[in-house]
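Participant: I'd like to ask you about the structure that follows.
Derivation of every value follows stated rules applied to the coordinates shown; laboratory data play no part. All values derive from a computational prediction rather than experimental measurement. All Cβ positions, glycine included, derive from the backbone under ideal geometry; neighbour counts span all protein chains shown.
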Amino acid sequence: MNPEHIPITIKRLKDEKLLDDRQFAQAFIQTRLQTSSKGPVLIQNELRAKGVSEHICQDVLSIYSYDKQYEKALKWAEKRSASGKKQSHQMQIQQLRGSLIRKGFTQDVIQDVIRDIQHHKDDEVEWKPL
């Protein structure tokens, strides 16, 4: 391809809505919501790494509502806490908090998930010697 055709080709693709960062970002977020347990912070980082502007990222991340975040984070935390029954409840909570942060969930969602997980605390395990 001749280098002088590149800007013309890009303009045509944009005019025909075949090259649209907003549309790409929306589809990307929808796919991540359906196929992963990543939080919005990680998804936003992925979008930025793909060259999507900060402004578009912020706009389209509204797709990932608090309720969707909470549902994903709680489901993941419940599954994770069920596998770590040999540790004290406090140790499980600390590990869950760290994992949810690394998965890219927001602090308000993490707080609410941790609060709700603590309601299911097993006092017997809490007092068991290690």
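Participant: For the chain, take the longest principal axis of its alpha carbons; what is the angle in degrees between that and the long axis of helix 66-83, to the nearest 10 within 0 to 90?
Facilitator: Between helix and principal axis, roughly 50 degrees.
Participant: Still on this structure, I have one more. Calculate one ³J(HN,Hα) per residue across the stretch 32-44 by plugging θ = phi - 60° into the Karplus curve 6.51 cos²θ - 1.76 cosθ + 1.60, and present them in order as whole Hz with x for glycine and proline.
Facilitator: Per-residue couplings from phi come out as 5, 4, 7, 10, 9, 10, 7, x, x, 5, 5, 5, 4 Hz.
Participant: Around R32, what is the net charge, scoring Lys/Arg as +1 and Asp/Glu as -1 over all other residues with Cβ under 13 Å from its Cβ? Show your work: numbers first, answer last.
Facilitator: On the way: positive: K38, K50, K68, K72, K103; negative: E46.
Combined, the nearby Lys, Arg, Asp and Glu give +4.
Participant: Next up: When only alpha-carbon atoms are used, what values of Rg and Dmax, in angstrom, describe the stretch 3-63?
Facilitator: Expressed in Å, the Cα Rg and Dmax of the stretch 3-63 come to 13.5, 43.
Participant: What residue among I117, I29, I43 shows peak mean-square fluctuation when the chain is described by a Gaussian network model with Cα springs under 10 Å?
Facilitator: Residue with maximal mean-square fluctuation among I117, I29, I43: I117.
Participant: Now for a separate question. Under the rule of at least 5 residues apart or a separate chain, name every residue whose amide H is placed under 5 Å from the amide H of L19.
Facilitator: Those qualifying (amide H under 5 Å, at least 5 residues apart or on another chain) are K14.
Participant: Quick one: of K17/K68; K14/K68; K50/K103; K14/K72; K75/K103; K68/K103, which pairs are farther than 25 Å apart, Cα to Cα?
Facilitator: In this structure, K17/K68; K14/K68; K14/K72 lie more than 25 Å apart at Cα.
Participant: Then there's this: Can you work out the FRET efficiency for the pair Q23 and K79, with r the C-beta to C-beta distance and R0 = 41 Å, to the nearest 0.05?
Facilitator: Values: r = 33 Å, r/R0 = 0.80.
Efficiency computed from Cβ-Cβ geometry: 0.80.
Participant: Could you work out how far helix 107-118 tilts from the main Cα principal axis of the chain, as a 0 to 90 degree angle to the nearest 10?
Facilitator: That works out to roughly 30 degrees.
Participant: Once you have the Kirkwood Rh of the stretch 1-119 from its Cα pairs, apply Stokes-Einstein at 20 °C and 1.002 mPa s and quote D in µm²/s.
Facilitator: Rounded to a whole number, D works out at 132 µm²/s.
Participant: On to the next question. In whole Å, what is the distance between the alpha-carbon centres of the stretch 1-46 and the stretch 47-122?
Facilitator: 26 Å
Participant: For the chain, what is the relative contact order in percent, using Cα pairs closer than 8 Å and at least 6 residues apart in sequence?
Facilitator: 27 percent
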